[in-house]
């Protein structure tokens, strides 16, 4: 009985003070945690750890009262619901009860600490190309140079393809500048292209393309006044493990006529 009274008295004091300190006698907020002075105790705060599928079973329990709840997802969701539609990778998530879903319901989990500039890469250099097998096209893929690989990290480059490290929305900017010093005749207008390969390599397709501007000469059947630049800039929904190839749609004759080719590629994860 004495222990019960002591516990109740302690709880009353904590509630009255409305501030809790761990490893500190003078907390400066509702809760303040200081590091442990013991060398054999790891420091840190661990929130509830749960798989997304297990969390989804509790969808009905989350509403306005749970706004701001913090959890750590150990495994992404298998089949999404409105509340778990963004839980596509492991990490910290916070519950936003005011989020409006497409089905007019409210509330969803949002990932924290996702750096918008993570996985960004840029390379400005003279580039070489390699023929790539793709139906109904003359797609010539860029061979990434050492500067590109060192900037983005070799772990994200496989067979001259950018490997998507995390499911989400990405801004992809692909710019090419060509120099035709010999002014060779070009009989077919070249273009830029981005090719996406699925994670299991079961399918491969052009997801974006853009022709260089130029005038078609009906008399000589050649391209004149070819613009030296072309660019693709768009937002894409990409899945982890998918691969992107960047290149030109041009046959070998046109490619050799373009002269020096330089490129700039940047990829930014925004969500």
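What follows draws every value from the coordinates through simple rules; no lab data is involved. Just so we're clear, the structure is a prediction, and the values are computed from it rather than from any experiment. With ideal geometry, Cβ positions are generated from the backbone for all residues, glycine too; neighbour counts draw on all protein chains shown.
Of the peptides 195-208, 80-93, how do they stack up when ordered by the mean number of other Cβ atoms within 10 Å, highest first?
Taking the mean over residues of other Cβ atoms within 10 Å, the ranking is 80-93, 195-208.
Which FRET efficiency value, to the nearest 0.05, is calculated for residue 28 and residue 57 with the Förster distance at 45 angstrom and r the Cβ-Cβ distance?
Once rounded, the FRET efficiency stands at 0.75.
Going 7 Å from the Cα of residue 202 in the Cα-to-Cβ direction, what parts of the range 161-175 have a backbone nitrogen less than 17 Å from that spot?
Output list for this probe position: empty.
Tell me the label-point distance for the pair residue 67, residue 101, using the 7 Å Cα-to-Cβ offset, in nm and rounded to one decimal.
1.8 nm
Order 240-249, 165-174, 32-41 from most to least packed using the mean count of other Cβ atoms within 10 Å.
Top of the packing list down: 240-249, 165-174, 32-41.
On the Cα set of the range 35-78, report Rg and Dmax in Å, please.
Both quantities, over Cα of the range 35-78: 14.7, 43 Å.
According to the Kirkwood expression over distinct Cα-Cα pairs, how big is the hydrodynamic radius of the range 46-113, in Å?
About 11.6 Å for the range 46-113.
How would you order 54-60, 103-109, 261-267 from highest to lowest mean count of nearby Cβ atoms within 10 Å?
Result, highest mean Cβ count within 10 Å first: 261-267, 103-109, 54-60.
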